[in-house]
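As structure tokens, the structure follows; a few thoughts come after it.
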Amino acid sequence: MSPRPGFILNVDKSYPGTLFWHGEGYRIEKLPEGSSVIYAPESLPSLSDPLGAIEDALDNPVGDSDPLDTLLTSGMRLTIAFDDVSLPLPQMVSPDIRSLIIEAVLERAARAGVEDVVLIAALALHRRMTESELRHAVGDRVYDSFYPRGLLLQHDAEDPKGLSFIGLTPQGEEVEISKRAAESDLIVYVNVNLVSMDGGHKSVATGLSSYRSLRHHHNVKTMVHSKSFMDRHNSQLHSSNWRMGAVIKEAGIKIFQIETTLNNDTFPKQFEFLQKREWEWNLKDRAKFITTSKALEATPPWMARNIFHSIRSPYGLTGVNAGEVDAVHEKTLERVYKQQLVHVSGQSDILTMGLPFIGPYNVNSIMNPILVYCLGLGYFFNMYKNKPLVRKGGVLIMSHPTRNEFDPVFHPSYIDFYENVLSETTDPIEIEAKYEKSYAEDPWYIHLYRTGNAYHGVHPFYMWYWGAHALDHLGAVIILGGDPKVAKRLGFMAASTLNDALAMASAYVGTSPSITHLHSPPLLMAQVE
Amino acid sequence: MTGATGFLGTALAERILNVIPDAKLILLIRAGRRASPIERAKREIIKNDAFNLMRERFGDDFDRYINSHLSAVPGDVSKPLLGLDDSGLDALASADIVVHSAATVSFDSPLTQAVSVNLLGPTNVGDAIKAAAQRAGKAPTDTHFITVSTAYVAGYRRGLAPEKLLRNTPFSPMPDFKTEVNVASQLRDEVERDSRVPERLEDFKKSARKELGAVGGPLLAQKLEKIRDEWVNDRLVELGIARAQSLGWPDAYTYTKALGEEALVSNHSDLAISVVRPSIIESSMIHPFPGWIKGFRMAEPIIISYARGLLKEFPGVPEGIIDVIPVDFVTGTILAVAAEDKPKPSTNIPVYQVASGSANPLRYKVLVDLVREWFLEHPLYDSQGQPILVPEWNFPGRGRVQKQLARLATNLEFADSIISHLPLRGERAELVTDLEEKKEAINRALSYVKLYGSYAETEAIFDVKNLLALWNKQSASDQLDFAFDPRLINWDSFVTEIHLPSVVKHARVKTTPDRKSTSARVDRTTSSILNDEFKVAAFDLENTVIASNVVDAYAWFATKDLPLGKKALFSLALMAEGPSLIASDRSDRGDFLRNFYRRYSKAEAAHLSEDANELFNSYLLKKAFPRAIERIRHHRRLGHKTILITGALDFVIAPLAPLFDDIVACTMTTDSRGRLTGNLDQTPPTGEARAILLGDFADKYEVSLSKCVAYADSSSDLPMLEAVGFPVAVNPEPRLLAMAKRRGWTIENWERQPGHSKLLLPIGKAR
């Protein structure tokens, strides 16, 4: 039987309640009758022979590209760049798809007599990965043979000697990328395309670039006009990256793009019930829900966090394509949409969502309030094509404990952003104008970014811009179960129960609003007509 | 006039300057260390609010008027001939009237001081009058010498105390004052000797250490000396009280005052002398304005302690008389006496008692009721903004109150001895300072009861026949300007409308429920630290910037290469050593560091340096205080220089380098194979060494220490904190918290970023 497509439940009397993620936990909430709950399509079948699929993709590239073997010649400089720890979420069961592809590429390079090979984790301004994260991404074999010799690098966007200025786009955007990559005869970029935002020209133009280059698309104006940034063809973020991709191509830099898509198998057996439709839970599922949620209640948050972050996803590979960036990416989008797209008719007054323990920027770490904001108003809100799930001036209710907790190792500038910037203003435009530069150029943050495992000083600003479109669109945001003080600092309200939240929302949308719930996991994307 | 800087003296000076334009006033004032007598007079007397009305009346002319009517000569009443030089003697000779009001009025002054000022003072004045007269070639009897004594020279006498010298009053014990002076003068030497015996010095050292912790030699010695001085003082007070009570006076004050009168009449019965004996002087009724008061005197602290709910009971007999007199009644009397004809020299010196007890008695119970009712209507407020309910007064005997308070004090002492041994910090350390404050309040209450209890129990009634006779002689207009008839006092309105409002105002206590926002205060102090003015900011590391210590870092390195199971075991074992490590840290930080660092002996220096970055990122940064790091960065943004002064090893703190302009840390020597020797190549920067280092940096950056900021958490950093203009106690341990509060230092409580387990074991991951 083929997997069932996405589904929209109309809440009636027989409805058993809906699972809401709530940080390092989850709860069942009863939405009012007449609400709609959007469920993702069921998981697509995974490829039975991933290794074969990889070899096939390398041999039969799409678009204007020769097969990889033809591109590899003895004496050439080869750089293999790969997505960092922000993908996929949660991290996948070993072996990571990246390690399989990298091994395949390396094998071919060895066969062709390529000796000058460097691997680069395409961090952009993300934190450096830890040893175990790197090992997981590239595999022990690759790690042990490359890292000790200094051939497995993490992109350093603040190394003045490690960057190359490539040129300007017609719009005057500066393009600057890793010098090693720019001076290579070939860049092979290995993607994990969890959502439709990932990949394409964004891989190199963002992943291997610097603050100087990034600021042209990571800013409030671009983000407000990316409707949504998950919809490549209606996203200014992507248009800018594509313009930069053109500049890179014109400069003669050759990229062999490899993109992979995953199915919806996000959680292993013991947490499978999370992604089932609630009325289809069997006895075991219910028992698991009750025991795990009770146990989590009694667990301190930091311990619950450790447990959740140790989960590895059994993601299955649904496809792999290689070759020319644009052609590869179109194929990728097709498959991502096939797995995630759900057709929804009409916008609602209220959009509800449960936010999980993890987002792209807190792998093995704390989901701090700014990341909560970004996950809700940035990522989840933007999981749409055509128009948002909630109408202009509508209300977003998102569930998360939103504690005043930060990771001082990974997110040092977030702490100061929260204390010193958000205490003054939450307006993205003002924040950008007044504070961005000083955080971006701060020597201590740069020091921690380059030598420690810290996100770049400017990163919390990007988080704030990520939500700028939603901020612009929404009438109000209510954090269900959030810390009221924190919610206030973010410029939002907090409610302790869903009924309270709906009562608060009535001030904006009246007393009989239409309600849509974006059910997760797994991820889905709404095509709103 | 002597004693012009005192309460009575200032009031008298104001009356004379304000109301008697023909008078020229010469003050005998002790020369201050920096100020000349006239400067002192202007600062301590003329600036007082007693002169507000006069200043208003004279306007721009005020200074000129004061300059032309007031002069001052240096001198000291406890010295022979008042320590006057020739010009001083000439000034004295020019005086028609000499008023001697200088005294050590505190009831608990040490015996030797009370003797030299109270007992010998009047005689010294008499000697000086004679010497001055001889120089000027005039008769000493031309000078009218008015000396201020106290009605309480009557001691434990019951019934009517007449206005006569004690030698002329029956049933008055009068020891030989010469013997008393001789014995007292030797007493100090004896007590000083006694304070220097080794056992006692050891005790002092213990208390000094308990109070300050491991602050290092010089500060400890300084503190010890202070404690010894206090001990000598206390002992002399004790001896004074004992001697006084054995002879029938409640304390050294009344006893020395009584002997002072006797010494005066024995030595100078050939001078024209009058004695004015006030009872307990309190705020003014009319002049210079109702409720005027200077200084915090005897009754005020008791009243305030009661109003704050600290003093629940005070001994006394309900029907007993509290003999209180407004200060302007005393000045009125003195001026009326001065206007009288000079008395004939004799041993029967005229005495005027300025007291209310016999003519217009205020009963103890009436006073207590008035006070209680007033505070019920006008309560003080606690820090939470709640009104404080004043307790009912039961008039218990003195013994019972003392016993109760003493028991309370012992309990608190015990609690304190336990709590002070716990490693509390920051907000939890408040517990200890709260306890400390309570203890202080109880001890204060106890001392009031001991000292003043006898005044509430006194049964002497002071006769005022002479006073009333003097009053009746005054013209109607003088009676208006210089009221001193005790029958004029309406106690109800004096207590509730004049005295209590004045006391409350002077005590600066909370009389409104509004809570002072602490954040505003914090903002103010931080804005004085964080501004554009160039500063040098020095930071201690452990518990100031990072909640970690040298033991942690060692454990992390040491466990790095251990098998997984043994890591936790090792860390726990090291933590079990904690108490003894803490003890050795407390006694001397330098020794502790030197000893502890031996454990690094034979470690590969290169390895440790490599691992330090990981230690920092995986452990230390998690235990860092983000507010501290932000503060350091804030200083740098303002262009200040930042300095880290720490006992940690240099390679451990290397990743912090970008935060600081200078780092002073411990460095270890290496052997020929690049292994650490476990020995430091210099003394660890601890205690006063830090203050000296900071001084060097201040020189380097050409800024004075008063423009330096120091952040530290422990009393071992006291020398550094004391040296700078902006000391900041960060997460202070109890001792430092107490000191910081007393001195009004900035206190910061910085915490680790929440989100990680509170208990973070220092365990390194294998390479």
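Tabulated values for the structure
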| read-out | value |
| --- | --- |
| Among the candidates B:Lys206, B:Lys210, residue that is over 28 Å from B:Asn466 (Cα atoms), assigned to a helix (DSSP H, G or I) and in contact (Cβ under 8 Å) with a residue 12 or more places away in the chain | B:Lys210 |
| Index of the failed condition, A:Thr451 passing every other in (1) surrounded by fewer than 22 Cβ atoms within 10 Å (Cβ to Cβ); (2) more than 14 Å from chain B (Cβ to nearest Cβ) | (2) |
| Residue in segment B:610-621 that is among the hydroxyl-bearing types (Ser, Thr, Tyr) and touching a strand residue (DSSP E or B) at 6+ places or on another chain (Cβ under 7 Å) present | no |
| Top-ranked residue of segment B:150-178 - restricted to ones that are within 34 Å of the chain's Cα centre (by Cα) and β-branched (Val, Ile, Thr), ranked as modelled with the lowest pLDDT | B:Val153 |
| Members of segment B:127-140 found to be over 19 Å from B:Ala263 (Cβ atoms) and either touching an Asp or Glu at 6+ places or on another chain (Cβ under 9 Å) or assigned to a strand (DSSP E or B) (or both), listed by number | B:Ala132, B:Ala133, B:Arg135, B:Ala136 |
| Filter pass, B:Ala624 being under 26 Å from B:Phe570 (Cα atoms), in contact (Cβ under 8 Å) with a residue 60 or more places away in the chain and either within 13 Å of chain A (Cβ to nearest Cβ) or surrounded by fewer than 21 Cβ atoms within 10 Å (Cβ to Cβ) (or both) | yes |
| Helices (runs of 4 or more DSSP H) fully within segment A:154-264 counting 1 or more residues that are over 24 Å from the mean Cα position of the chain (by Cα) | A:179-182, A:236-250 |
| The listed residue being in contact (Cβ under 8 Å) with a residue 40 or more places away in the chain, within 11 Å of chain B (Cβ to nearest Cβ) and touching a helix residue (DSSP H, G or I) at 6+ places or on another chain (Cβ under 6 Å), out of A:Pro412, A:Pro428, A:Pro408 | A:Pro412 |
| Test: residue in segment B:245-267 that is closer than 24 Å to B:Ala139 by Cα and polar (S, T, N, Q) | yes |
| Spans of strands (runs of 3 or more DSSP E) in segment B:659-745 with at least 2 residues over 23 Å from the mean Cα position of the chain (by Cα) | B:662-666, B:668-670, B:676-680, B:708-712 |
| Verdict on B:Leu468 being more than 25 Å from the chain's Cα centre (by Cα), among the hydrophobic types (A, V, I, L, M, F, W, C) and at pLDDT 70 or above | yes |
| From A:Leu474, A:Leu480, A:Leu502, residue being at pLDDT 95 or above, farther than 30 Å from A:Arg128 by Cβ, crowded, with 20+ Cβ neighbours inside 10 Å and touching a Pro at 6+ places or on another chain (Cβ under 8 Å) | A:Leu502 |
| Residues located in segment A:207-247, provided they are closer than 23 Å to A:Pro160 by Cα and either modelled with pLDDT under 95 or touching a His at 6+ places or on another chain (Cβ under 8 Å) (or both) | A:Gly207, A:Leu208, A:Tyr211, A:Asn241, A:Met244, A:Gly245 |
| Any hit, segment A:433-442, residues being modelled with pLDDT of 95 or more, away from chain B (no Cβ under 14 Å) and in contact with a helix residue (DSSP H, G or I) (Cβ under 7 Å, 6 or more places away or on another chain) | yes |
| Unmet criterion (only one of (1) among the hydrophobic types (A, V, I, L, M, F, W, C); (2) more than 14 Å from chain B (Cβ to nearest Cβ); (3) over 18 Å from B:Pro754 (Cα atoms)) for A:Val363 | (3) |
| Number of the exception - A:Ser43 against (1) closer than 22 Å to A:Gly199 by Cβ; (2) buried (at least 21 other Cβ atoms within 10 Å of the Cβ) | (2) |
| Breaking point among (1) of a type outside the set (Asp, Glu); (2) more than 9 Å from chain A (Cβ to nearest Cβ); (3) surrounded by 20 or more Cβ atoms within 10 Å (Cβ to Cβ), for B:Phe616 | (2) |
| Verdict on B:Ser149 being of a type in the set (Gly, Ala, Ser) and touching an Asp or Glu at 6+ places or on another chain (Cβ under 9 Å) | yes |
| Looking only at segment B:749-767, and only at residues there that are at pLDDT 70 or above, more than 9 Å from every other protein chain (Cβ to nearest Cβ) and surrounded by 20 or more Cβ atoms within 10 Å (Cβ to Cβ), the one that is nearest to the chain's Cα centre (by Cα) | B:Trp750 |
| Matching helices (runs of 4 or more DSSP H) fully within segment A:96-150 where at least 2 residues are assigned by TED's automatic domain parsing to the domain that holds A:Asp83 and farther than 25 Å from A:Gly162 by Cβ | A:97-112, A:140-146 |
| Residue ID - farthest from B:Ile146 (Cα to Cα), chosen from residues in segment B:243-291 that are out of contact with any helix residue (DSSP H, G or I) (no Cβ under 8 Å at 6 or more places or on another chain) and free of Cβ contacts under 8 Å to residues at least 60 places away in the same chain | B:Ser246 |
| Test set (1) within 12 Å of chain B (Cβ to nearest Cβ); (2) surrounded by fewer than 23 Cβ atoms within 10 Å (Cβ to Cβ); (3) in contact (Cβ under 8 Å) with a residue 24 or more places away in the chain; (4) out of contact with any strand residue (DSSP E or B) (no Cβ under 7 Å at 6 or more places or on another chain) - A:Lys392 fails condition number | (1) |
| Residue within segment B:151-164 that is surrounded by fewer than 24 Cβ atoms within 10 Å (Cβ to Cβ), not in a loop (DSSP other than H, G, I, E, B) and not hydrophobic (A, V, I, L, M, F, W, C) present | yes |
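A quick yes/no check of all residues on (1) buried (at least 17 other Cβ atoms within 10 Å of the Cβ); (2) within 30 Å of B:Cys708 (Cβ to Cβ); (3) modelled with pLDDT under 85:
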residue	(1), (2), (3)
B:Gly578	no, no, yes
B:Asp585	yes, yes, yes
B:Ala612	yes, yes, no
B:Ala648	yes, yes, no
B:Ile653	yes, yes, no
B:Ala657	no, yes, no
B:Ile663	yes, yes, no
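The values are calculated or read from the model by the stated rules, or taken from the named source; none is laboratory data. This structure is a prediction, so every number in the text was calculated from the model and none was measured. Neighbour counts run over all protein chains shown; Cβ positions are idealised from the backbone, glycine included.
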